[in-house]
1. Let me spell it out: the conditions are (1) under 28 Å from the mean Cα position of the chain (by Cα); (2) buried (at least 22 other Cβ atoms within 10 Å of the Cβ), and Lys274 meets all of them except one. Which number is the exception?
2. Determine whether Leu74 is assigned to a helix (DSSP H, G or I) and either hydrophobic (A, V, I, L, M, F, W, C) or surrounded by fewer than 16 Cβ atoms within 10 Å (Cβ to Cβ) (or both).
3. Anything in segment 114-123 that is without any contact (Cβ under 8 Å) to a residue 24 or more places away in the chain and surrounded by 15 or more Cβ atoms within 10 Å (Cβ to Cβ)? List them, or say none.
4. Determine whether Asp138 is assigned to a helix (DSSP H, G or I), acidic (Asp, Glu) and exposed (fewer than 12 other Cβ atoms within 10 Å of the Cβ).
5. Among (1) touching a residue at least 60 places away in the same chain (Cβ under 8 Å); (2) in a loop (DSSP other than H, G, I, E, B); (3) farther than 25 Å from His185 by Cβ, which single condition is Glu208 missing?
6. Looking at segment 243-263, I want the residues that are under 16 Å from Gln199 (Cβ atoms) and have a partner that is in a strand (DSSP E or B) and of a type outside the set (Phe, Trp, Tyr) with Cβ atoms under 7 Å, at least 6 apart or on another chain. Which pairs are those?
7. I'd like to know if segment 160-168 contains one or more residues that are more than 30 Å from Leu248 (Cα to Cα), within 26 Å of the chain's Cα centre (by Cα) and hydroxyl-bearing (Ser, Thr, Tyr).
8. It is to be established whether one or more residues within segment 189-209 are assigned by TED's automatic domain parsing to the domain that holds Tyr268, under 23 Å from His282 (Cβ atoms) and of a type in the set (S, T, N, Q).
Amino acid sequence: MERILIQIKNKPDRELLEKLLDEDFEIVTLGQDQAHPMDVPFDLAILDGPTLKVNRRLVMNRRKEEEPVLLPFLLLATRRKGTFPTRHLGNLVDDLIFRPLDKDELEARVANLLRMRRLSLELKKEHDRVVKLSVTDDVSGFHNTRYLHRYLDRLIDSQSGSGKFEEVSLVFFDLDNFKQVVDTHGHLKGAKVLREVAQTVSKVLDEEDRIVRYGGDEYVVILPRQNKEQAVVKVSRMQEALTSTYYLEKEGLNVQVTASFGVATFPYDARDKKELLAEADHCLFKSKSRGKNRISFAGMEQEPGEQLLEEL
C-alpha cells in the first residue's frame, strides 16, 4: 500500500484529508514540532503553505535525494487575492489543490501524482538494468572493460590535483594453456570455465575489489587502497584458489587450470591509469616468459618473487 505523508497545520483540513484517503492508502502524520518531519519513507506528501514554509529546505533535500525518481508533493492552498501558490510548482511541489476540498478532485490529483511516481520508479529500474548490462561481461557474468575504465577513473583521476594519493593496485592475470581446454572440451565448456574461474577469484576478493574480464582468458582485478605487499598477498590467495579448484565438475570433467599474474601499484609504478594498465600487463608478460603459473610485480628484483611472498 502506498504511503501518503500529511503535513497540514490546520487540524480540520488534516482530519478531512485523513478521512478521505485512509481507505486506499497508508497515512503518515507527524507532529508539527518534530525536527525532521520528512525523515520517513513515503510516496506522496501533502503540505499546506505554513508547513511548506517551515520545511522548505527539507522538501528540497528530500526531492533531491530521490532523483531521478519523482517524489511528489501536493500543496493544499487557498484562493486569495494577492497570493500566488503556483510559484512553488516545479521547484517545491508538483501540483496544487485548493480549499474547500473536493473528494473527486483530491482522488484524481493523488492518483495522478502516484502514477507519475510509479512510472519514474519503473524507468529508474529499467535504466539501472540497462546500465548494469552495459558494464557486464556476457561470458563471465562479472564486469567488462567499460566498467574497468570507469572504476579506475573514479579511483585515480579523481585524485588529480589533490597532492595526496590513495594507493590502487592492479592485477592482470590470464589462464595458462587455456587453448588446450578449449581444444579438448569445446568452446561452450571453455566459456563455462571462464565464468567459474571468475567466480573462484571473486570469493577471495573484498567488497571494494573488482574483477573484470579483459578479453579472451585474461582478467583484471582492481584492488583499491591496497599497497604492493597487500596486493601480492591477495594475488597469492587467488593463485591458490585457482589451482586448488576443479572446474566443470557438474559435467564430470574435473578440469584444473593455472594462471600467470602481473601486479602494479599506483602511484609508485605509474602516474596515471594508462601507465598502470601497461605496467601490470608488462608484469603479466614477465610471468609468462618465466615459465607461467607465477606472480610478477613491478620493481621485482629476484626471480620469480617467491622470497617476497615468503616474507609476507
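The values are calculated or read from the model by the stated rules, or taken from the named source; none is laboratory data. Small disclaimer: the values here were computed from a predicted structure and weren't measured. For neighbour counting, all protein chains shown are included, and Cβ atoms are generated from backbone atoms with ideal geometry for every residue, glycine included.
1. Looking at each condition in turn, Lys274 falls short on (2).
2. no
3. None; the set is empty.
4. no
5. Unmet for Glu208, out of (1) touching a residue at least 60 places away in the same chain (Cβ under 8 Å); (2) in a loop (DSSP other than H, G, I, E, B); (3) farther than 25 Å from His185 by Cβ: (1).
6. Tyr246/Val255; Tyr247/Val255; Leu248/Val255; Val257/Leu175; Ala259/Asp174; Ala259/Leu175
7. yes
8. No, the conditions are met nowhere in segment 189-209.
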